[in-house]
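Visitor: Below is one structure. I have some questions about it.
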């Protein structure tokens, strides 16, 4: 009776596959002793891939019909991503949170807690923190939006005053003209009764809409299945490979990719949380209202490159002008945030992540444009994590390694000087 091959756990090192050769047929065991783990991009002395290596994929290919079919496939893929947002967005979020929360589930498993129970515990903590944070921020956000019309009129008055002073300083006038009082302007008509908070941030609109609730439940259910038994599908794919050498390489690549993605997501989430904590503390010391709200906004929008920090800076400038009378004091919160972001983006993040997990700024901007057009605000927040996941996958797949080098944007290796 033929022996049924067993699954190989991807949570253990790739070396355990040498023990799996016992349950494999003889033809699959052939060459298993010579299987080697593919070199990691961070291995010292490893040759860096070159962009010219991409030509090998298309070398000798004169079939323009195949290229046209590939182009049409890419266009169809983009259209599918565009129109299947309601299905794909929960899946993408579940996969990202799976890589983010998997180390916690594995830590509980090492404490003899089964994975399904550990997944339930981790999800309970995450959902509880999400609901608690939403309830805590609801009142400050509603208060901020309720006062928005009045604050906007106050901001317009201050802006007119600042513009009038600038105009008086820049325009050369005679003393007689300078002493003349400005012409009286018609009074601003009273605003009509309009409650902005009921329109923009009502609790029912944000939480209990059908689309939000459906997407939230889909993400939670998918995330539970991934955390509880997410490796079984990959184990099935690895078990279907024809030889032991392919199994060893596949498990090594999958393990390395999962570890790199989890490390990146956990690190970035920790850095952004620290940024939010520092911003909230600074706003509290500067006397800004609702400092916790500013910290949460700064932490979330820090996932969005370029436009996220710019949005926080602009909103802090406007809020400072509304809260403080002096212009210098009003610009201080935005200046403090700019300093915090500059230190985080130029010193902290590069030193923690290292050069191997850096991306080309042009590629980041193009990815931000693409995913924002594709999925809106959610796509903008997910653009860099998705791009980094793709780069990590390319770095650990030899045929795609040159693409990973292109996404990194590093300078090509210097040619050896002739002796």
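Visitor: Under 29 Å from residue 257 (Cβ atoms), without any contact (Cβ under 8 Å) to a residue 12 or more places away in the chain, under 16 Å from the mean Cα position of the chain (by Cα) and part of a helix (DSSP H, G or I): is that true of residue 382 in this structure?
Guide: Working: under 29 Å from residue 257 (Cβ atoms): yes; without any contact (Cβ under 8 Å) to a residue 12 or more places away in the chain: no; under 16 Å from the mean Cα position of the chain (by Cα): yes; part of a helix (DSSP H, G or I): yes.
Against the criterion (under 29 Å from residue 257 (Cβ atoms), without any contact (Cβ under 8 Å) to a residue 12 or more places away in the chain, under 16 Å from the mean Cα position of the chain (by Cα) and part of a helix (DSSP H, G or I)), residue 382 does not qualify.
Visitor: Being assigned to a helix (DSSP H, G or I), modelled with pLDDT of 90 or more and more than 27 Å from residue 401 (Cα to Cα) narrows it down to one of 123, 88, 137, so name that one.
Guide: Details: 88 fails: more than 27 Å from residue 401 (Cα to Cα); 137 fails: modelled with pLDDT of 90 or more.
Exactly one residue qualifies, and that residue is 123.
Visitor: Further, regarding this structure: Among the listed residues 227, 223, identify the single one that is crowded, with 16+ Cβ neighbours inside 10 Å, more than 19 Å from residue 86 (Cβ to Cβ), touching a helix residue (DSSP H, G or I) at 6+ places or on another chain (Cβ under 9 Å) and modelled with pLDDT of 75 or more. Can you show your working first?
Guide: Values: 223 fails: more than 19 Å from residue 86 (Cβ to Cβ).
So the residue among 227, 223 that is crowded, with 16+ Cβ neighbours inside 10 Å, more than 19 Å from residue 86 (Cβ to Cβ), touching a helix residue (DSSP H, G or I) at 6+ places or on another chain (Cβ under 9 Å) and modelled with pLDDT of 75 or more is 227.
Visitor: Looking at 366, 387, can you tell me which residue is in a helix (DSSP H, G or I), modelled with pLDDT of 85 or more and surrounded by 19 or more Cβ atoms within 10 Å (Cβ to Cβ)? Give the steps one after another, and end with the answer.
Guide: Numbers: 366 fails: surrounded by 19 or more Cβ atoms within 10 Å (Cβ to Cβ).
That would be 387, the only listed residue that is in a helix (DSSP H, G or I), modelled with pLDDT of 85 or more and surrounded by 19 or more Cβ atoms within 10 Å (Cβ to Cβ).
The values are calculated or read from the model by the stated rules, or taken from the named source; none is laboratory data. Fair warning: this is a prediction, and the values are worked out from it, not measured in the lab. Positions of Cβ are backbone-derived with ideal geometry, glycine not excepted, and every protein chain shown enters the neighbour counts.
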